[in-house]
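Here is the structure we will look at, set down as structure tokens.
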Amino acid sequence: MFFFLIPLIIGFTFNMLSAFTAAFSRKWGNRRGSLVTVLFRDILGIPVWVIGFCLASLAPSPYLFGRASGVEIAGWCLIAAGGLIIVVAVISIRLRSLAPTIKDSLARSGLYANIRHPIHSGTILEFLGLFLVRPSATIGAACALGVIWVFVQTMFEEQDLLQRIPEYREYIDRVPRFFPRIG
């Protein structure tokens, strides 16, 4: 039943290592450091934790609450909104998202004008939506771990960004982490 945790935790761990671009670049140079980051996140991280979520969805598990069509529709809306936020964020920062380097500049426009980590915000929305669509114990556990991972990943990533982008310190003081300020 809990076999899904193995690829989930391994994938999250590899993904988290992608938050050490500055350290990798200091050790192996900018190009190799960037490639190591891409290897950890895009090849060993994201695909492996996605496999963990797939295994969680296939595992026999009781539902934590009854399925209602309104809740399921809300879940699909959160998944779609999260996906849209991720796509818009990746498009706006282009290569900085796909292959970060120590030469990156600070993203200040689009979603990044209002949220420091819109990709992480979209991921949180997707995890919440997935749980509403399939409220099983295994999906609930996977989504809870996913949200915790996003918060930890963000802390490591912000430390890396402070090393790579000097203006990031002021940006932290001005722009909220996951969700825009209201009012």
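Each reported figure results from applying straightforward, stated rules to the coordinates on display, with no laboratory input. Because the structure is a prediction, the values reported are computed rather than measured. Because the Cβ atoms are built from the backbone with ideal geometry, glycine has one as well, and the counts that use them run over all protein chains shown.
Couplings 3J(HN,Hα) of the range 32-43, computed from phi: 5, x, 5, 5, 5, 4, 4, 4, 5, 7, 7, 9 Hz, in residue order, whole Hz [Karplus 6.51 cos²θ - 1.76 cosθ + 1.60, θ = phi - 60°; x for Gly and Pro]. A cut-off of 5 Å between modelled amide H atoms, ignoring neighbours fewer than 5 places along the same chain, links S136 with L64.
Among W28, W76, W149, which one shows the biggest mean-square fluctuation in a GNM of the chain, springs joining Cα atoms closer than 10 Å? Looking only at W28, W76, W149, the largest GNM fluctuation is found for W28.
Computed from backbone phi with θ = phi - 60° and the Karplus coefficients 6.51, -1.76 and 1.60, the 3J(HN,Hα) list for the range 44-58 is 9, x, 4, x, 6, 6, 5, 4, x, 5, 4, 5, 5, 6, 8 Hz; x is used for glycine and proline. The residues neighbouring R181, those whose beta-carbon lies less than 15 Å from its own, together hold a net charge of +2 under the Lys/Arg +1, Asp/Glu -1 convention. Other residues whose C-beta falls under 12 angstrom from the C-beta of W76 contribute a net charge of -1, scoring Lys and Arg +1 and Asp and Glu -1. Among P118, P166, P100, which one shows the biggest mean-square fluctuation in a GNM of the chain, springs joining Cα atoms closer than 10 Å? Among P118, P166, P100, the largest mean-square fluctuation in the Gaussian network model of the chain belongs to P166.
Fewest-first ordering of E158, E170, E126, E72 by other beta carbons within 10 Å of each residue's beta carbon gives E170, E72, E158, E126.
Karplus-based coupling profile of the range 121-130, in residue order and whole Hz: 4, x, 5, 4, 4, 5, 4, 4, x, 4, with θ = phi - 60° in 6.51 cos²θ - 1.76 cosθ + 1.60 and x standing for Gly or Pro. The C-alpha radius of gyration of the range 1-77, expressed as a fraction of 2.2 N^0.38 Å, stands at 1.52. With the simple spin-label model, which puts each label point 7 Å out from Cα in the Cβ direction, the D42 to R67 separation comes to 3.5 nm.
So I have [x] 46, 35, 26; [y] 55, 48, 34; [z] 50, 41, 23, and one of them is Cα extents along the principal axes in Å calculated from this model. Which one is it? This structure yields the entry labelled [z].
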